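A short worksheet on the structure shown next.
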Amino acid sequence: MAGLLAMTIGGIGSALETSGSAGVSNLGVGCIIVSVLAIILSVMINRNHVLMGWLIILCGILNFVFVSFFGILSGLLIVIAGGLALRK
């Protein structure tokens, strides 16, 4: 959701011809890619739960870094999922 919101804001900025709007759209795409990667890693968690847990935590942190305030909820939930994977 945060990635789509960032892409929407970037699209509106591009329509209004503001500077830096393409960067916002690219960060939104990065957020979506990292979120999909977190889902893929959670499917493969039985192979090595410690490694996958740390990679999922990294995906959550990147989610927050890419879209900052908009990614708080999704990033936090992904980090919690990674922490639960480490606990197994």
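The values are calculated or read from the model by the stated rules, or taken from the named source; none is laboratory data. None of the values given here were measured: they were computed from a predicted structure. Neighbour counts run over all protein chains shown; Cβ positions are idealised from the backbone, glycine included. Only protein heavy atoms, including side chains, enter the accessible area calculation; ligands, DNA and RNA are left aside. Shrake-Rupley method; radii C 1.70, N 1.55, O 1.52, S 1.80 Å.
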Take the residues of segment 67-86 that are at pLDDT 85 or above and of a type outside the set (A, V, I, L, M): which is farthest from Asn48 (Cα to Cα)?
Ser74
So which of Leu41, Leu84 is out of contact with any strand residue (DSSP E or B) (no Cβ under 9 Å at 6 or more places or on another chain), buried (at least 21 other Cβ atoms within 10 Å of the Cβ) and of a type outside the set (Asp, Glu)?
Leu41
Could you tell me whether any residue of segment 7-25 is within 17 Å of Leu86 (Cβ to Cβ), in contact with a helix residue (DSSP H, G or I) (Cβ under 7 Å, 6 or more places away or on another chain) and without any contact (Cβ under 8 Å) to a residue 40 or more places away in the chain?
no
Taking segment 7-38, which residues are assigned to a helix (DSSP H, G or I), of a type in the set (Gly, Ala, Ser) and open to solvent by 50 Å² or more (accessible area, probe 1.4 Å)?
Ser14, Ala15, Ala22
Among the residues in segment 68-76, are any of a type outside the set (Phe, Trp, Tyr), assigned to a helix (DSSP H, G or I), at positive phi and free of Cβ contacts under 8 Å to residues at least 24 places away in the same chain?
yes
